[in-house]
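The values are calculated or read from the model by the stated rules, or taken from the named source; none is laboratory data. Everything numeric in this text was worked out from a predicted model, so none of it was measured. Because the Cβ atoms are built from the backbone with ideal geometry, glycine has one as well, and the counts that use them run over all protein chains shown.
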Amino acid sequence: MLSLATGISASDAAMTRRIGLLGGTFDPVHYGHLRGALEVRDCLDLDEVRLIPSARPPHRDQPGATAQQRLAMVRLAVGEHSGRHGGLVVDDRELQRNKPSYTVETLESLRGELGNTVTLFMILGWDAFCGLPAWHRWEELLQLASLVVLQRPEQDQDLPEVLKDLLAARSINDPRQANAQHGQILCLSQTPLAISATHIRALLAGGQSPRFLLPDAVLDYIETNGLYRP
């Protein structure tokens with residue numbers, strides 16, 4: 001497992017665009033999401049990381065905020081980190097679908113738009129990676145992108161055998177090797193931030209403040225719109 005603190009130089013990066021993809025309900029978006037996106041961007045010398053809110057996630061409970069509210073919060077959170085220097089971008093393509101959000105279809109959409117020469121990195125937490133065999137058409141994901149799996153030191157969930165075999169065949173140990181347009185798996189440790197959307201929602205439901213767990217602009221939006229209150 002390699003630390004995200006280890007970056008690569010621009011000369012080692014592929015000449016094509018390098019784009020990270022971080023999907024999720026973002027219910028609400030918080031500093032754990034943003035810090036992970038920035039660390040992956042810096043480690044892999046990415047041109048940008050796209051935050052992609054899901055509309056109707058098939059493997060999770062219905063979000064507490066509407067799709068448009070979650071999109072608004074992600075846009076507020078990205079704020080100063082967008083543009084040329086920030087490198088974080090909001091992509092709302094999943095909210096345009098009137099059906100569940102399947103990651104493989106999002107990747108197909110991106111490939112159709114960006115072409116086959118762009119290097120795509122799909123960013124996953126360890127828990128999500130462990131559950132990958134339950135995803136729709138999951139075997140096709142590596143035909144469309146490489147995977148960046150973020151791990152925390154305290155995580156000890158065991159992998160299914162099929163994923164152990166996949167790691168043995170596809171994993172790389174050095175981010176400087178992450179130059180294929182798709183098909184690689186890179187496991188990285190991330191800064192341990194014990195922040196979760198579930199905890200933030202629980203604080204709000206209990207009348208407590210989640211300040212400093214998420215951007216002030218997002219918290220102001222939550223309070224103005226009365227979100228996550230009992």
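Is one or more of the residues making up the range 133-144 more than 27 Å from D45 (Cα to Cα), touching a Gly at 6+ places or on another chain (Cβ under 9 Å) and surrounded by 14 or more Cβ atoms within 10 Å (Cβ to Cβ)? Scanning the range 133-144 turns up no residue that is more than 27 Å from D45 (Cα to Cα), touching a Gly at 6+ places or on another chain (Cβ under 9 Å) and surrounded by 14 or more Cβ atoms within 10 Å (Cβ to Cβ).
When you look at L188, is it buried (at least 17 other Cβ atoms within 10 Å of the Cβ), over 21 Å from D42 (Cβ atoms) and within 16 Å of the chain's Cα centre (by Cα), yes or no? No; evaluated as a whole, the condition is false for this residue. Every test in (1) outside any helix (DSSP H, G or I); (2) among the aliphatic types (A, V, I, L, M); (3) buried (at least 17 other Cβ atoms within 10 Å of the Cβ) is passed by I200 save one, and that test is (1). Pairs linking a residue in the range 127-139 that is outside any helix (DSSP H, G or I) to a residue that is modelled with pLDDT under 95, with Cβ atoms under 6 Å and 6 or more positions apart or on different chains, are H136/Y102. Sub-6 Å Cβ pairs linking a first residue in the range 143-158 that is modelled with pLDDT of 85 or more to a second residue that is among the basic types (K, R), at least 6 apart or interchain, are L144/R111, ordered by first then second residue. Going through (1) outside any helix (DSSP H, G or I); (2) under 22 Å from V40 (Cβ atoms) one by one, P230 falls short only on (2). As a summary of the residue check, R176 satisfies the conditions (1) surrounded by 14 or more Cβ atoms within 10 Å (Cβ to Cβ); (2) closer than 21 Å to A72 by Cα; (3) more than 16 Å from the chain's Cα centre (by Cα) except for the one numbered (2). Looking at the structure I just gave you, is V162 at pLDDT 90 or above and touching a helix residue (DSSP H, G or I) at 6+ places or on another chain (Cβ under 8 Å)? Criteria met by V162. Among residues of the range 98-109 that are touching a residue at least 12 places away in the same chain (Cβ under 8 Å), those with a beta-carbon under 9 Å from a residue that is of a type in the set (S, T, N, Q) and surrounded by 15 or more Cβ atoms within 10 Å (Cβ to Cβ) at least six positions away or on a different chain give the pairs P100/S54; S101/S54; T103/S54; T106/S54. Could you tell me whether any residue of the range 148-162 is among the β-branched types (V, I, T), within 14 Å of the chain's Cα centre (by Cα) and in a helix (DSSP H, G or I)? Scanning the range 148-162, I find no residue that is among the β-branched types (V, I, T), within 14 Å of the chain's Cα centre (by Cα) and in a helix (DSSP H, G or I), so the answer is no. For V89, indicate whether it is crowded, with 16+ Cβ neighbours inside 10 Å, over 28 Å from A180 (Cβ atoms) and among the β-branched types (V, I, T). In short, no. Does S82 meet the test of being on the phi < 0 side of the Ramachandran plot, small (G, A, S) and either surrounded by fewer than 18 Cβ atoms within 10 Å (Cβ to Cβ) or modelled with pLDDT of 95 or more (or both)? Against the criterion (on the phi < 0 side of the Ramachandran plot, small (G, A, S) and either surrounded by fewer than 18 Cβ atoms within 10 Å (Cβ to Cβ) or modelled with pLDDT of 95 or more (or both)), S82 qualifies.
Tell me yes or no: at least one residue of the range 105-125 is modelled with pLDDT under 90 and over 18 Å from the mean Cα position of the chain (by Cα). So far as the range 105-125 goes, no, none of its residues is modelled with pLDDT under 90 and over 18 Å from the mean Cα position of the chain (by Cα).
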